[in-house]
Amino acid sequence: MRRHHSTTPRLTRVLGSLLLVAAAGAFSVGAAPAPRAAEPAPLDRVVPAPASVEPGGAPYRITAATRVRVDGAAGFSVRRVAAYLAGILRPSTGYRLPLTEQGEGGIRLRLAKGSFGPEGYRLNSAPDGVTITASAPAGLFHGVQTLRQLLPAAVERGTVQPGPWTVAGGTIEDHPRYAYRGAMLDVSRHFFTVGQVKRYIDQLALYKINELHLHLSDDQGWRIAVDSWPRLASYGGSTEVGGGAGGHYTKADYREIVRYAATRYVELVPEIDMPGHTNAALASYARLNCDGTAPPLYTGTQVGFSSLCVNKPVTYDFVDDVIRELAALTPGRYLHIGGDEAHSTSHADYVTFMDRVQPLVAKYGKTVIGWHQLTGATPAKGALAQYWGLDGTGAAEKEQVAAAARNGTGLVLSPADRVYLDMKYTKDTPLGLSWAGLVEVKRSYDWDPGTYLPGAPASAVRGVEAPLWSETLTRSSDIEYMAFPRLPGVAELGWSPAATHGWDAYKVRLAAQGPRWDALGITYYRSPQVPWPTG
Ligand code: TNX
C-alpha cells in the first residue's frame, strides 16, 4: 500500500529531473553535467573520511523486496543495530525491510574475526547486496552510519520519498585513528533535558563520535542528583545563567542517558568540576565553605571566583560521596574531575587537593580525566589531561603538558581556538563567545592532532574532543547551530587517517552533509567557506 503512495511523486520527480537536466544543458554549455538524481553518491563522499575506499562495480539498489539480514547466531546487539538501520530506512523508503536470518543478498550485517579492531568495519556494495562486516557490534554501527551517507539525503526524512535508493558499488575498509573521539556538552550554564541530550547523541553518532563528556557541575548549577547531599541538585540545580529555572537529572534520568548513549556506542564521561567552578555546591551547603557561610546562587558568566575549602576534612567526605555515587551511575571508564581555572585556590592547595581527590576516583574503579591544569599537579598513573590552550598559549604551559605526556599522561586535544564549538564563527554570529577568537569552519578542521602539541609524543594523543559551553545557548537549535558544521570536522580529525586530511576535498564532502541536516531538521551555520549544493 505504501508503495503506491510513492509512485506518483516518483514519476513527477523523474520528469522534474529530466527537465532540470535539459535546462542545465541549455544554459551551461561546456560545464560538467549536473549529476542526475538517480546516480548514487560516490563511495568516498563520507565524513569522516574512511581509511580506504575502493570504488568499482555496479551499484546496489534498495527495493520493496530488500531485507535486512543477520546471521542465525547473531546476538542481541547485532539485532539491535539491524533494527536501528531498518528504523532509519523504513519511513523514507516506505519499504517493509523486514529483519531476517534467511536467504541471500539484501543488506547484511555480520560479525567475523578479522583485523577490524573494536570499532572498524568493512562495507561491500554490489548489485546483489550490501554487506557490513565487523568484529564487534560497534563496528557494524559505524558501518551503518557510512551506509546512510551513501544513500540520498532524502533517506533521512520521516515521510515517504521517491528514491531511487542506490548505493555505489565497491568496498570501504575503515577503522578509527584515535580511540577517543569526544564531544562535551555544558549542561550547567544552561540545563538541557534528557530529550535534548539524546537528540545531540544521535547527531554525534552520525559522525562516529564515541565519547560524550557532560559538564555536570559549575558555578551556575549542579545537575546530577546525589543522595547523600540532596541539596546539591534540589537547590544548587535550581537556576542557571540568566536566572532561569535550571534543573537536574535524577538518577533514573541519568541512567536513561547512559543507556541511550550505549545504543549509539557512545560512552558517557561525567564531569564534576573541582576545586574551582563550585559555587553551586558551596551555595547548597554552608559547611563546605572555609568561613562556614554559603554564598548566594550565581547566574552570571564570570569564572574563577569559587573554590572548595581544601583544608577542611568535610571537603573530602563530600568528594568521596559524590564520586562514589557518580561512579555507581557510570559504566564508562572515565570520571572527569575538572581542575580548570582554579584562580581562587592557591597553587599549593590545588596540588594538595588533586593529590587527595585522584585516588578517590581510582578507589571507585574509574580513570581520571582533568583539564590540562592537572599537569601542574601530579597526574595519577593512567590519567588523561584535556588540553584546551590556544595556538598562542605560552611555551611554558605547553611544555608542562608535553612533559606530562612524555611521562605517560594521555592527552585529549581540545584547542579552544580550533574546536571550542561555543566560539563565534564570525563577529556577526548571534550566539557564542569570542575569548579564544573567531573560529570559522576551515580553521576548526585544519590542524593535525598528531603533531599539534610541540614535544608531546604522538603516542600520548588519545584523541580529540569538541567542547560546547552553554553560557549563550538555551535550545537544541542553538546547540546545533554552533556544532554544525564544525563538529563533523573534529570527528574527522579523530577518526580518519592523517593521509586523508585536506580541506579542499573535505569541504566538498562536508557540503554534501547540508541536505542531510535539512532532512533531519538539524539547524546549521551556512558557512560561506563550504560549497553547499544549491537548489
Ligand atoms: C573556559 S575551558 C572554561 C569554561 C567556559 C569556557 C567558555 C574551561 C576548561 N573553562 O568555564 O565556559 O571557557 O568558552
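The values are calculated or read from the model by the stated rules, or taken from the named source; none is laboratory data. All figures in this text were calculated on a predicted structure; none of them were measured in a lab. Please note: Cβ atoms are built from the backbone with ideal geometry, for glycine as well, and neighbour counts cover all protein chains shown.
Key figures for this structure:
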| read-out | value |
| --- | --- |
| Candidates Ala112, Ala65 - the one that is modelled with pLDDT of 95 or more, over 30 Å from His501 (Cα atoms) and loosely packed, with under 14 Cβ neighbours inside 10 Å | Ala65 |
| Single condition Ile107 does not satisfy, out of (1) closer than 27 Å to Gly158 by Cβ; (2) out of contact with any strand residue (DSSP E or B) (no Cβ under 6 Å at 6 or more places or on another chain) | (2) |
| Those strands (runs of 3 or more DSSP E) lying entirely in the stretch 159-242 with at least 1 residues under 20 Å from Glu271 (Cβ atoms) | 180-186, 211-215 |
| Qualifying residue in the stretch 203-226 (condition: among the small types (Gly, Ala, Ser) and either surrounded by 24 or more Cβ atoms within 10 Å (Cβ to Cβ) or in contact with a Phe, Trp or Tyr (Cβ under 6 Å, 6 or more places away or on another chain) (or both)) | yes |
| Per-region count, the stretch 69-85, residues crowded, with 20+ Cβ neighbours inside 10 Å and modelled with pLDDT of 95 or more | 6 |
| Whichever residue in the stretch 359-384 is among the charged types (D, E, K, R) and in contact with a Gly (Cβ under 9 Å, 6 or more places away or on another chain) and, among such residues, is farthest from Asp320 (Cα to Cα) | Lys381 |
| Ala404 more than 15 Å from the ligand (Cβ to nearest atom) and surrounded by fewer than 21 Cβ atoms within 10 Å (Cβ to Cβ) | no |
| Identity of the residue in the stretch 297-333, more than 19 Å from Ala377 (Cα to Cα) and among the aromatic types (Phe, Trp, Tyr), that ends up surrounded by the most Cβ atoms within 10 Å (Cβ to Cβ) | Phe318 |
| Considering residues of the stretch 407-428 that are more than 15 Å from the ligand (Cβ to nearest atom) and hydroxyl-bearing (Ser, Thr, Tyr) only, the residue farthest from Ala458 (Cα to Cα) | Thr426 |
| Failed item in (1) more than 14 Å from the ligand (Cβ to nearest atom); (2) over 22 Å from Gly237 (Cβ atoms); (3) surrounded by fewer than 18 Cβ atoms within 10 Å (Cβ to Cβ); (4) over 28 Å from the mean Cα position of the chain (by Cα), with His343 passing the rest | (1) |
| Residue under evaluation Val197, criteria (1) within 25 Å of Gly117 (Cα to Cα); (2) buried (at least 21 other Cβ atoms within 10 Å of the Cβ), criterion not met | (1) |
| Candidate set from the stretch 283-339 (those that are farther than 29 Å from Tyr387 by Cβ and of a type in the set (Ser, Thr, Tyr)); member that is farthest from the chain's Cα centre (by Cα) | Thr293 |
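This table checks each residue for (1) buried (at least 20 other Cβ atoms within 10 Å of the Cβ); (2) charged (D, E, K, R).
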{"position": "Thr409", "(1), (2)": "yes, no"}
{"position": "Ala416", "(1), (2)": "yes, no"}
{"position": "Val419", "(1), (2)": "yes, no"}
{"position": "Asp422", "(1), (2)": "yes, yes"}
{"position": "Asp446", "(1), (2)": "no, yes"}
{"position": "Pro454", "(1), (2)": "no, no"}
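Table: residues versus (1) within 16 Å of the ligand (Cβ to nearest atom); (2) under 24 Å from Val357 (Cβ atoms); (3) among the hydroxyl-bearing types (Ser, Thr, Tyr).
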residue	(1), (2), (3)
Gly247	no, no, no
Lys251	no, yes, no
Asn279	yes, yes, no
Ala286	no, yes, no
Asp291	no, yes, no
Pro295	no, yes, no
Tyr298	yes, yes, yes
Phe305	yes, yes, no
